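Colleague: I'd like to ask some things about the structure below.
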Amino acid sequence: MGYLVAAVALAVSFGLIQRAAQRRRGHYFYVTGTNYAVAALVALAWVAVRSDWQASALTYWVGALNGVGFAVLIILQYFMLGQRGVGVTFALGSLALLAPITVSLVVFGEPADLVTLVGIALLVVAAPLIAYRRMPMLPAVRVGLYWAVVAGLLGFTAGTLISWKVINEVTPAADRGAFVLATFAGATVIAGLTLAIRRWSEGPGPPVRREGHAGALAWIPLPVVMGVGLGLCNVVQLWLFLAALREVPGAVAFPVHSAGTVLLITLAGWIVWRERHGPVTLVGIAAALAGLVLVNL
């Protein structure tokens, strides 16, 4: 259970660092780009140590596409974090769990009992409630853009989760390391292009020197420090969760990880950044928490 608690703690830390980077705006894409580069290097070391290079071409291609999805999600999350805060952003992302569940039921013919079906129904109901936002007197273009970001967040998260399900079903376990490496490598390339485009269109990024710090630490850019922390949270959380699955039944691990992460991130957003949500959104988050638990039982 210790591995599982640590995995949840790192998942929450990931969300909080990402939110802190978004609030600095100019730092955000430096932080997220560094995150993927660090994660790719760790994954490379993991594959090299285990000598798991001989994966199928399908594994590498699906992994690279998964990484593109990750990088696009980072952009969509930037806008959603600014509009609705960290709690709503991560609660919405968790609802994409419906996608791999649907693939499991329809494509792979996995059975579903009444409890699972009730959980699915709660997740379906939760989606519009969490995304709901009163937007009086706003131009139709801005309203449409908001809902386009919501749809993109759900769609790209669903795509990444489906890719994990497909890889798990059609490739051997030895290919997992190569898949993770290809994922973070693909995300690093797209994140680098995004950062280059932003620098070209908006000019130089934040200053390198960190005021108020003496010595060598002053010359380590804050986005790099935050990005390294984000990347380590990203990779170590995955390792801890896989380790937890070897000790804790999946029926316990998945609901604790998914629901615990959403609940703690929402509470952290409320305490740290004073994020407040209306009753409709709170009902949606509660329904999502209940659904996440039920579909994993």
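Colleague: State whether one or more residues within region 76-97 are part of a helix (DSSP H, G or I) and over 30 Å from GLU275 (Cβ atoms).
Modeller: no
Residue-wise test of (1) of a type in the set (S, T, N, Q); (2) surrounded by fewer than 15 Cβ atoms within 10 Å (Cβ to Cβ); (3) at pLDDT 90 or above.
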site	(1), (2), (3)
ALA48	no, yes, no
SER51	yes, yes, no
GLN54	yes, yes, no
THR59	yes, no, no
GLY63	no, no, no
ASN66	yes, no, no
VAL72	no, no, yes
ILE75	no, no, yes
TYR78	no, no, yes
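Colleague: Among the residues of region 103-119 satisfying the criterion of being more than 29 Å from ARG19 (Cβ to Cβ) and touching a residue at least 12 places away in the same chain (Cβ under 8 Å), which is surrounded by the fewest Cβ atoms within 10 Å (Cβ to Cβ)?
Modeller: Per the stated criteria, the residue is PHE108.
Colleague: Hey, could you check region 17-39 for residues that are crowded, with 23+ Cβ neighbours inside 10 Å and among the small types (Gly, Ala, Ser) and say which is nearest to TYR60 (Cα to Cα)?
Modeller: Looking at residues that are crowded, with 23+ Cβ neighbours inside 10 Å and among the small types (Gly, Ala, Ser), I get ALA39.
Colleague: Another one. Can you say whether GLN54 is of a type in the set (S, T, N, Q) and under 17 Å from ALA178 (Cβ atoms), as far as the supplied structure shows?
Modeller: Yes: the conditions hold for GLN54.
Listed here are the residues, each with its yes/no results for (1) at pLDDT below 85; (2) under 16 Å from the mean Cα position of the chain (by Cα); (3) not aliphatic (A, V, I, L, M).
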residue	(1), (2), (3)
ALA6	no, no, no
LEU10	no, yes, no
ARG19	no, yes, yes
HIS27	yes, no, yes
LEU41	no, no, no
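Colleague: Looking at region 121-162 only, could you name the residues that are farther than 16 Å from THR89 by Cβ, of a type in the set (Gly, Ala, Ser) and free of Cβ contacts under 8 Å to residues at least 40 places away in the same chain?
Modeller: Hits for region 121-162 are ALA140, GLY144.
Colleague: All but one of (1) buried (at least 19 other Cβ atoms within 10 Å of the Cβ); (2) within 30 Å of THR34 (Cβ to Cβ) hold for LEU145, so report the exception by its number.
Modeller: Going through the list (1) buried (at least 19 other Cβ atoms within 10 Å of the Cβ); (2) within 30 Å of THR34 (Cβ to Cβ), LEU145 breaks only (1).
Colleague: Another question, then. For region 18-53, name all the residues that are outside any helix (DSSP H, G or I) and in contact (Cβ under 8 Å) with a residue 12 or more places away in the chain.
Modeller: Result: ARG24, GLY26, HIS27, ASP52, TRP53.
The values are calculated or read from the model by the stated rules, or taken from the named source; none is laboratory data. Note that the coordinates shown come from a computational prediction; the quantities given were computed from them, not determined experimentally. Here the Cβ is made from the backbone with ideal geometry for all residues, glycine too, and neighbour counts use every protein chain on show.
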